[in-house]
1. When only the heavy atoms of the protein chains count and the probe is 1.4 Å, how do GLU78, GLU159 rank by accessible area, highest first?
2. If you place +1 on the Cβ of every Lys and Arg and -1 on the Cβ of every Asp and Glu, how big does the dipole about the Cα centre of the stretch 64-180 come out, in debye to the nearest 20?
3. Given H placed 1.01 Å from N in the peptide plane, which residues other than close sequence neighbours of LYS148 have an amide H under 5 Å from its amide H?
4. My understanding is that a pair violates if its Cα-Cα distance is over 28 Å; which of LYS58/LYS118; LYS26/LYS153; LYS35/LYS104; LYS28/LYS102; LYS58/LYS102 do that in this structure?
5. Out of the chymotrypsin sites (Phe, Trp or Tyr not before Pro) in the stretch 94-178, which ones are loop residues according to DSSP with at most 16 other C-beta atoms within 10 Å?
6. Show the residues, 5+ positions off or on another chain, whose built amide H is closer than 5 Å to the amide H of ALA130.
7. Sort 44-50, 162-168, 115-121 by the packing proxy (mean of other Cβ within 10 Å over each peptide's residues), most packed first.
8. Show me, for the stretch 48-65, the HN-Hα J-couplings you get by feeding each phi into the Karplus relation (A = 6.51, B = -1.76, C = 1.60, θ = phi - 60°), rounded to Hz, glycine and proline as x.
Amino acid sequence: MYVPKESQPKQGGAAAQGRDGEKGGKRKIVAQNKKARHDYAIIDTYEAGLVLTGTEVKSLREGRTSLADGFVQIDRGEAWLHNAHIPEYHQGSWTNHSARRKRKLLLHREEIDKLEAKSQETGHTIIPLALYFKDGRAKAEIALARGKKEYDKRQTLREQQDRRESDRAIAAAKRKQRDA
């Protein structure tokens, strides 16, 4: 018996979501800049594509990347990732890349204009937070950030420690209640 497509029940799951035009997918994180969240107050985050050579992609897949000294700079209407260390591919030949070359970021024009305007303000900068693969494509999570003062860093650490202690106390109380 023929049943029209409109009256058929929708199937759930990740495959159905992918067909509905939603862009999603698993993120395979290659590198994170954990120190950035400690040193900067994150204002806004963006996902940007990366223009890479073949040996850079292979080296990224090996996962030996560092974003510790990385920063993003807007130059003539284009976003560039500077000082991100992607080591040379060990099986590469003369086609290998230099480890700290600047790499172009792929963003929409409005995003670049917004980032450029905000980064001109005093104390604001654009930093990379993570490099990852999403649906087989290399992506960078970048953030518009403001540098924290030393007392802000201490306050953040204090809040994290208080949150951890309260979580431990709640877990201990639940354990005690369950055992009683």
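1. GLU159, GLU78
2. Result for the stretch 64-180 is approximately 480 debye, rounded to the nearest 20.
3. Here the answer is TYR40, ALA41, since their amide H atoms fall under 5 Å of that of LYS148.
4. In this structure, LYS58/LYS118; LYS26/LYS153 lie more than 28 Å apart at Cα.
5. Working: sites: TRP94, TYR132, PHE133, TYR151; in loops: TRP94.
Here the sparse-neighbourhood loop sites are TRP94.
6. ASN33, GLU141
7. On the way: 44-50: 16.4, 162-168: 10.0, 115-121: 14.0.
In descending order of packing, they fall as 44-50, 115-121, 162-168.
8. 10, x, 10, 8, 10, 8, x, 5, 5, 5, 5, 5, 4, 5, 6, x, 10, 10
The values are calculated or read from the model by the stated rules, or taken from the named source; none is laboratory data. All figures in this text were calculated on a predicted structure; none of them were measured in a lab. A quick note on method: Cβ atoms are made from the backbone with ideal geometry, for glycine too, and the neighbour counts reach across all protein chains shown. Accessible surface areas use protein heavy atoms only, side chains included; no ligands, DNA or RNA. Shrake-Rupley method; radii C 1.70, N 1.55, O 1.52, S 1.80 Å.
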